[in-house]
Amino acid sequence: DAGITQSPRHKVTETGTPVTLRCHQTENHRYMYWYRQDPGHGLRLIHYSYGVKDTDKGEVSDGYSVSRSKTEDFLLTLESATSSQTSVYFCAVRGEVQAQHFGDGTRLSIL
Amino acid sequence: GQQVMQIPQYQHVQEGEDFTTYCNSSTTLSNIQWYKQRPGGHPVFLIQLVKSGEVKKQKRLTFQFGEAKKNSSLHITATQTTDVGTYFCAGPKGGGSEKLVFGKGMKLTVNP
């Protein structure tokens, strides 16, 4: 258990609404990541953070923004959700030997 | 861009059989990692390989890093129903280590 909590675990919302997903960690990890997982695509990096207020884009960052105002919290925001953003979202932290440890995921459905 | 490819994408085996799955990178890797995701679960780190030709074992799972550090294999001996899940390999993106590039995964099903 890497001390990662994602909230909410499930969410259904409508196209055009803003959505914020939260990732909370308790072990003071410097690096945090947001991935989305879709059938046939594996895990794709959306954004990551390498410290408080330090973030960078991943390979599928369009339509997403992130913020990290505290070490323990990494927020992912969909400013105006679209149906193509229906997915399972995983937060991860980087632990020892560069291994990544994942939260339980958020299943997001956009109707 | 950098790609990590896994073959096969799906594998169905009879309980007790052995099988091997492969991971190929378009670039040389400083290390390669393997993860397992059970149905409905999240990816869980299994192992990291760093040295050329390195072989590591975890019970019935044997992981190998290729001599050129561009490919890796996972061999499972005497497959059990508890092995069911999707196995991902991943390597560091570019020259750094803070980001990983994941393969699309190999989904294993087992016939009891």
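The values are calculated or read from the model by the stated rules, or taken from the named source; none is laboratory data. If you're wondering where the values come from, they're calculated on a predicted model, not measured in any experiment. In this analysis, Cβ positions are derived from the backbone assuming ideal geometry, glycine residues included, and neighbour counts consider all displayed protein chains. These area figures cover heavy atoms from the full protein model, side chains too; ligands, DNA and RNA do not enter into them. Shrake-Rupley method; radii C 1.70, N 1.55, O 1.52, S 1.80 Å.
If each of A:T13 and B:V13 carries a label point 7 Å out from its Cα toward its Cβ, how far apart are those two points in nm?
4.2 nm
Within region A:4-110, what whole-number % of the accessible surface is contributed by carbon and sulfur, with the 1.4 Å probe and all protein chains included in the calculation?
Carbon-and-sulfur percentage of accessible area, whole number: 45.
Please report the accessible area of A:E59 (heavy atoms, 1.4 Å probe, ligands and nucleic acids excluded) in Å², nearest 10.
Surface open to solvent at A:E59 totals about 130 Å².
Heavy-atom accessible surface, probe 1.4 Å, ligands and DNA/RNA ignored: which residues of region A:31-59 lose at least 50 Å² versus the isolated chain?
A:L43
Given 37 °C and 0.692 mPa s, compute D for region B:1-72 with the Stokes-Einstein relation, Rh being the Kirkwood radius over Cα pairs; round to the nearest whole µm²/s.
For the chosen part, D equals 245 µm²/s.
Taking each pair of distinct Cα atoms in region A:1-105 once, what is the resulting Kirkwood hydrodynamic radius in Å?
Its Kirkwood hydrodynamic radius stands at 13.7 Å.
Given Cα pairs under 8 Å that are at least 6 residues apart, what percent is the relative contact order of chain A?
35 percent
Points 7 angstrom from Cα along the Cβ direction at A:H41 and B:K51: gap in nanometres?
Using points 7 Å along Cα→Cβ, the separation is 3.9 nm.
Got a number for carbon plus sulfur as a percent of region B:4-111's accessible area, 1.4 Å probe?
Carbon and sulfur atoms account for 50 percent of the accessible area of region B:4-111.
Please give the total accessible area that chains B and A bury against each other, computed with a 1.4 Å probe and expressed in Å² to the nearest 100.
1600 Å²
Please report the accessible area of A:R9 (heavy atoms, 1.4 Å probe, ligands and nucleic acids excluded) in Å², nearest 10.
Its accessible surface works out to 110 Å², give or take rounding.
May I ask you to compute the full-extension gain from A:T26 to A:D104, defined as 0.36 nm times their residue separation minus their alpha-carbon distance, rounded to one decimal in nm?
26.6 nm
Compute, for chain B, the length of the dipole vector about the Cα centre, with Cβ point charges of +1 (Lys, Arg) and -1 (Asp, Glu) only. Units Debye, rounded to 20.
Taking the Cα centre of chain B as origin, the dipole is about 300 debye.
What's the extension gain from A:S83 to A:L111 if we count 0.36 nm per residue and subtract their Cα-Cα distance?
9.5 nm
Note down the accessible area of A:F90, probe 1.4 Å, to the nearest 10 Å².
Around 0 Å² of this residue is reachable by solvent.
Distance between the C-alpha centers of region A:61-105 and region B:73-89? Whole Å please.
If we compute the Cα centre of each part, the gap is 27 Å.
How big is the Kirkwood radius of the protein assembly as shown, worked out from every pair of different alpha carbons and given in Å to one decimal?
The answer is 18.0 Å.
Ignoring ligands, DNA and RNA, what accessible area per residue does region B:4-111 give at 1.4 Å, in Å²?
46 Å²
Relative contact order for region B:4-111: what percent, with Cα pairs under 8 Å and sequence separation of 6 or more?
Relative contact order comes out at 37 percent.
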